[in-house]
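The values are calculated or read from the model by the stated rules, or taken from the named source; none is laboratory data. For clarity, every value in this text was computed on a predicted model and none was experimentally measured. FYI the Cβ positions are ideal-geometry reconstructions off the backbone, even for glycines, and counts take in every protein chain you see.
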Amino acid sequence: MYRYDEYDQAIVDARVAEFKDQVSRRLRNEITEDQFKPLRLMNGLYLQLHAYMLRVAIPYGTLSGTQMRMLAHIARKYDRDYGHFTTRQNIQYNWIKLEQFADLLDDLSKVEMHAFQTSGNCIRNISSDQFAGAAADEIADPRPYAELLRQWSTLHPEFSFLPRKFKIAVIASDTDRAAIQLHDIGLQLRRDATGALGFRVYVGGGMGRTPVIGKVVRDFIPVGQYLSYCEAILRVYNRYGRRDNIYKARIKILVTELGIEEFARQVEAEWAGLAPLGLDAPPAEYERIIAQFGEPDYDRNAPDTLDLSDPDFALWVKQNVAAHKQPGYAIATISLKPRGGIPGDASSAQMDLIADLAERYAHDEIRVTHSQNLVLAHVRKADLYALWTALADADLATPNLDLVSDIIACPGMDYCTLANARSIPIAQKIAAKFEALDTQRDIGELKIKVSGCINGCGHHHAGHIGILGVDKKGEEAYQLLLGGSGAEDTSLAKILGPGFDENGIVDAVDKLIGFYRSARSAPDERFLDTYRRLGPAPFKEAVYG
Amino acid sequence: MPRVLTGNRLETGDVLWWNGSDWSPRLSDAVAIGDEGEALLARLIAAERINDPALIDVTGAPGAFIPTTTRERVRASGPSVRADLARGSLSVEAI
């Protein structure tokens, strides 16, 4: 894992000191709320329905046990004993007090963490593949490149006041676990014909009010030049992005309006001027960062077999454990979607336990997934049973990864000021409807994603089944969308028909799944593939007919 | 339709309602605001100690006001999915 050097720490310390002073001035009424609000948002502090909400950055979703333990401490000391892991691989706390905020920031900075650039019109937390460094199919670990992007984008003076927020994701395999085509910039590490490493660069993707699938702006940029190329993209966007209309200010609108060819031409022209300036990191800096993401000290003699005689353990392994590139090792996903739970929520006790287990069994690394689960990426197969036993005792071993109850849900109107409707109760009701694991497994992979408003934090446009909360004359209502995917087969879900109330949307999902089970061509044909094969008409008939 | 005044305390973010002379954490303490509402709002905004102060529509009688919007009912209730964190000003069932 990457560890801060003195420059990283100095930047965080200076920014924390600056913001603590701003908080203090606000509490003394020396600055108004209008003056303070943009400052607190730049530091990840929102005012939500019930209290202040703090969003802490988790770069590319990677944490150490020490950092996770600090997140637990913050939940316990400054919040209400829990945190909420988000679709941007961050964590949010819902009950923060401004008068305690200075101490909280000090605590966070002790473990090389902070909250800046988790809000505002800047480059947000860089996201990545939760299986990075462990997946059998990756070209190389993408996180060193994500880390360099983090350093480049942190307090970047030119990009601190962009037309709108800006999200970048980095992966290194053909399997997309980070939804890169739905990001402002998506980077896929690959090799060219000579074997050289570089990135395919997608630009202008996004969800929210105007969902767009990103387009390839450059098929290959050598790794040694991707920073300056990203700088060129940001410069074109910063110059021409629509600042006159917040709803048209994202880069996807600029790319769509210009067309990808013209946008690419402008980026290339900008880059031609930038590339010779030496903005890219020198090779030694790449090597320094890559070295910090070196392979864990694997047990080369670890047995590559598993005793699956315990059927509950076998079920968990089958659903939540993925292949690792190192023989004798596996990747374990910790479900934060237990029966009756709130997607993405973890108590401080659970976070402490996960920190302990990561240190004991997983080379002290934890990953946050954009699906609001956690991952231990390097677990000896020989340790899986002990790990599973400890997780199960803490309600963290639900074997439902990618099944119908593994639902993404934003906080919705239970917490969020922007929401039009509650998301969490909908997720809970759907999960309860399909509670039986046998049923879930029979349905197979099904990604349901629920957003409480058009901003789409619940990724409803990427859901095989997407649900969008809307306001209908002051009442909560829900639109139903089908056919989305955030994976390598990216597609955008489309509205199926008229919306529903809270109970109606659950019944509609029930009907959809019932129809799918009767219409699939084979038991292993996914819901999404049945939908793609048949089109929306029979699904619409099943729901509205 | 009666209106009550609500906002969030600067120091803590706590949800509050105006009881006629001060801020209360209980909706049941809220008083209906009449024509003086806009002036009161302007004064409170100028004082800069309450964030997002707003006059909201409610139904019912003093002591048992119910906000007309789901959003404000959730603010009064607390998160509907965490009974242990209920604010107590309104039952979850009333959302």
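I need the full set of residues from the stretch A:25-39 which are surrounded by fewer than 14 Cβ atoms within 10 Å (Cβ to Cβ) and either of a type outside the set (Val, Ile, Thr) or touching a strand residue (DSSP E or B) at 6+ places or on another chain (Cβ under 6 Å) (or both), in order please. Across the stretch A:25-39, the qualifying residues are A:Arg28, A:Asn29, A:Glu30, A:Asp34, A:Gln35, A:Pro38.
Kindly indicate whether B:Leu41 is surrounded by 19 or more Cβ atoms within 10 Å (Cβ to Cβ), touching a residue at least 12 places away in the same chain (Cβ under 8 Å) and closer than 23 Å to A:Tyr46 by Cβ. No, not satisfied. Could you go through the stretch B:51-65 and let me know if any residue there is under 22 Å from A:Ile31 (Cα atoms), within 10 Å of chain A (Cβ to nearest Cβ) and surrounded by fewer than 17 Cβ atoms within 10 Å (Cβ to Cβ). Scanning the stretch B:51-65 turns up at least one residue that is under 22 Å from A:Ile31 (Cα atoms), within 10 Å of chain A (Cβ to nearest Cβ) and surrounded by fewer than 17 Cβ atoms within 10 Å (Cβ to Cβ). Looking at the stretch A:180-243, the strands (runs of 3 or more DSSP E) lying wholly inside it that each contain 1 or more residues that are closer than 21 Å to A:Phe161 by Cβ and out of contact with any Ser or Thr (no Cβ under 7 Å at 6 or more places or on another chain) sit at A:185-191, A:197-203.
Annotation: B:Val31 fulfils all but one of (1) away from every other protein chain (no Cβ under 13 Å); (2) closer than 23 Å to A:Glu476 by Cα; the unmet one is (2).
Scan the stretch A:389-429 residue by residue and report those that are within 14 Å of chain B (Cβ to nearest Cβ) and part of a helix (DSSP H, G or I).
First, the residues of the stretch A:389-429 that are within 14 Å of chain B (Cβ to nearest Cβ): A:407, A:409-429.
Answer for the stretch A:389-429, where residues must be within 14 Å of chain B (Cβ to nearest Cβ) and part of a helix (DSSP H, G or I): A:Gly412, A:Met413, A:Asp414, A:Ile424, A:Pro425, A:Ile426, A:Ala427, A:Gln428, A:Lys429.
Taken over the stretch A:7-38, the criterion of being free of Cβ contacts under 8 Å to residues at least 24 places away in the same chain and under 18 Å from A:Thr417 (Cβ atoms) is satisfied by A:Glu33, A:Asp34, A:Phe36, A:Lys37.
Would the stretch A:131-139 turn up any residue that is closer than 29 Å to A:His324 by Cβ, touching a Pro at 6+ places or on another chain (Cβ under 8 Å), in contact (Cβ under 8 Å) with a residue 12 or more places away in the chain and part of a helix (DSSP H, G or I)?
So far as the stretch A:131-139 goes, no, none of its residues is closer than 29 Å to A:His324 by Cβ, touching a Pro at 6+ places or on another chain (Cβ under 8 Å), in contact (Cβ under 8 Å) with a residue 12 or more places away in the chain and part of a helix (DSSP H, G or I).
Using the structure shown, decide if B:Ser28 is farther than 25 Å from A:Val23 by Cβ, assigned to a loop (DSSP other than H, G, I, E, B), among the hydroxyl-bearing types (Ser, Thr, Tyr) and in contact with a Ser or Thr (Cβ under 7 Å, 6 or more places away or on another chain). Steps first, please.
Values: farther than 25 Å from A:Val23 by Cβ: yes; assigned to a loop (DSSP other than H, G, I, E, B): no; among the hydroxyl-bearing types (Ser, Thr, Tyr): yes; in contact with a Ser or Thr (Cβ under 7 Å, 6 or more places away or on another chain): yes.
No, not satisfied.
Just to be sure, is B:Arg71 among the basic types (Lys, Arg), within 11 Å of chain A (Cβ to nearest Cβ), closer than 29 Å to A:Gln35 by Cα and in contact with a His (Cβ under 8 Å, 6 or more places away or on another chain)?
Considered against the rule, which asks whether it is among the basic types (Lys, Arg), within 11 Å of chain A (Cβ to nearest Cβ), closer than 29 Å to A:Gln35 by Cα and in contact with a His (Cβ under 8 Å, 6 or more places away or on another chain), B:Arg71 comes out as no.
Considering the stretch A:153-186 alone, what residues qualify as being of a type in the set (Val, Ile, Thr) and either surrounded by 22 or more Cβ atoms within 10 Å (Cβ to Cβ) or in the same structural domain as A:Ser371 (by TED's automatic domain parsing) (or both)? Correct list: A:Ile168, A:Val170, A:Ile171, A:Ile180, A:Ile185.
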